[in-house]
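Here is the structure we will look at, set down as structure tokens.
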Amino acid sequence: MKKLLPQANTLATVIRTFKLIGNTMNCTLADIASFNNFELRQASYYSNACYFLDLIDENLKLTPLGEDIMTAPKSAKVRIYELIIKHELIGQLFAKTALYPKRKVIRDSKELVRSLYPEYGEAVIDRRTKCLIGWCEEIIDYMRTSDS
């Protein structure tokens, strides 16, 4: 079964949530909600985003990839950015976001998401696609402003 597309709007919060899970023994959705000042529903959005990226499993435990990233938590953000850029779906959205005007990016990206997730309704496709484009924009902004 394919994973649900993320609906966590802020990539920086996804990364903070991942680090919380990695640093908290037996982390729960309530812990995530409290840490981020969220409702439980929102906490599940952010834990699902970590799951989608294979950083955690369904039980809020780090995967081997997540454990590897947490061995150097200071570089977690950049490692997760690299993971996203290389992701089969999000990598394509990233390339579109970096190269094309926003209107074309949204249109083309929604077509791609629709082809991969035909079971989603148009409103869900619109929201989830814009969420992932937002992640790509966060990464692009970081690349423009970092000293690397």
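Kindly provide the trypsin sites (Lys or Arg not before Pro) of segment 1-60 that DSSP labels as loop, not H, G, I, E or B, and whose Cβ sees at most 13 other Cβ atoms within 10 Å.
Lys2, Lys3
Could you work out how far helix 11-23 tilts from the main Cα principal axis of the chain, as a 0 to 90 degree angle to the nearest 10?
The answer is roughly 20 degrees.
Given that compact globular proteins tend to follow 2.2 N^0.38 Å, what is the ratio of the alpha-carbon Rg of the chain to that value?
Numbers: Rg = 15.1 Å, N = 148, 2.2 N^0.38 = 14.7 Å.
For the chain, the normalised Cα radius of gyration comes out at 1.03.
How far, in degrees from 0 to 90, does helix 122-145 lean away from the longest principal axis of the Cα atoms of the chain, to the nearest 10?
80 degrees
Please go through the residue pairs Lys102/Lys130; Lys19/Lys96; Lys19/Lys61; Lys110/Lys130; Lys2/Lys130 and name each one whose alpha carbons sit more than 18 Å apart in this structure.
As for pairs spanning more than 18 Å Cα to Cα, those are Lys19/Lys96; Lys2/Lys130.
Using a basic spin-label model with each label point 7 Å from the Cα along Cα→Cβ, how many nm lie between Glu111 and Leu4?
With each label placed 7 Å out from Cα toward Cβ, I get 2.9 nm.
Every number here is computed from the coordinates shown, using simple stated rules; none is lab data. These numbers were taken from a predicted model, which means no experiment stands behind them. Cβ atoms come from the backbone with ideal geometry, glycine included; neighbour counts cover every protein chain shown.
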